Amino acid sequence: ATSPLEASFLVQSLVNTALAAIPADYWDGRLTDARIAQAMEALGREGPARDNVALAKAAGMHPNAFIRKFLQATGHTPHQYRLRLRVEQAAGWLREGRLGIEQIATAAGFCDRFHFSRIFKSQMGVAPARYRTQFEARNEDP
């Protein structure tokens, strides 16, 4: 039987493989608003510290218009996008195994371990501690 975490890894692997098979020129111009692309890059580079008002100002847009365009372009609000980046970063730290969950929660910008665990589980389908142990077990299998 496949665990939810293993199923998630398999699905992610299949999606990555499928996306890698799409020619690069297909993606040219898909994100038509360069201001949104720049905001996404800024969020990836600078992390969740920038708020919607600052991102909208940098894009030269009203915050409501910015949020609407961001949602149209990505399928997520800037908040959801930021949250996903934080969870993905935390997942990487969990896989590394060097930091405790409390430290990871703080480093990822969550107010406490319980809030982090709730958000992580809602996004990843498994609690952080379970994610770590399943990842470790997966790497130990021959």
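The values are calculated or read from the model by the stated rules, or taken from the named source; none is laboratory data. As the structure is a computational prediction, the values presented were derived from the model and not from experiment. With ideal geometry, Cβ positions are generated from the backbone for all residues, glycine too; neighbour counts draw on all protein chains shown. All accessible areas refer to the heavy atoms of the entire protein, side chains included, with ligands and DNA or RNA removed. Shrake-Rupley method; radii C 1.70, N 1.55, O 1.52, S 1.80 Å.
If R₀ is 25 angstrom, what is the calculated FRET efficiency for the pair Leu19 and Ala42, using the beta carbon separation as r and rounding to 0.05?
Efficiency computed from Cβ-Cβ geometry: 0.65.
So if each residue of separation counts as 0.36 nm, and I subtract the Cα-Cα distance between Thr133 and His62, what length gain in nm does that give?
Working it through step by step, the gained length comes to 21.1 nm.
As a test of understanding, state the convex hull volume per residue of the chain from its alpha carbons, in Å³.
134 Å³
As I understand it, the value is the acute angle between the Cα axis of helix 78-96 and the longest principal axis of the Cα atoms of the chain; what does it come to in degrees, rounded to 10?
So the helix axis and the longest Cα principal axis differ by about 30 degrees.
Hey, any idea what % of the chain's accessible area is carbon plus sulfur with a 1.4 Å probe?
55 percent
For Asp112, Asp51, Asp33, give the ranking by accessible area with the largest first, probe 1.4 Å.
Highest to lowest solvent-accessible surface, that is Asp51, Asp112, Asp33.
Could you work out how far apart the two model spin labels at Lys121 and Thr77 are, taking each label as a point 7 Å from the Cα in the direction of the beta carbon, and quote it in nm?
The modelled label-to-label distance comes out at 2.3 nm.
What angle, in degrees between 0 and 90 and rounded to the nearest 10, separates the Cα long axis of helix 128-140 from the longest principal axis of the Cα atoms of the chain?
For helix 128-140, the angle is close to 60 degrees.
Taking only protein heavy atoms and a 1.4 Å probe, what accessible area per residue, in Å², does the chain have with all protein chains in place?
Per-residue value: 64 Å².
Can you give the Rg/Rh ratio of the range 47-98, where Rg is from the C-alpha atoms and Rh is the Kirkwood radius?
Result: Rg/Rh = 1.12.
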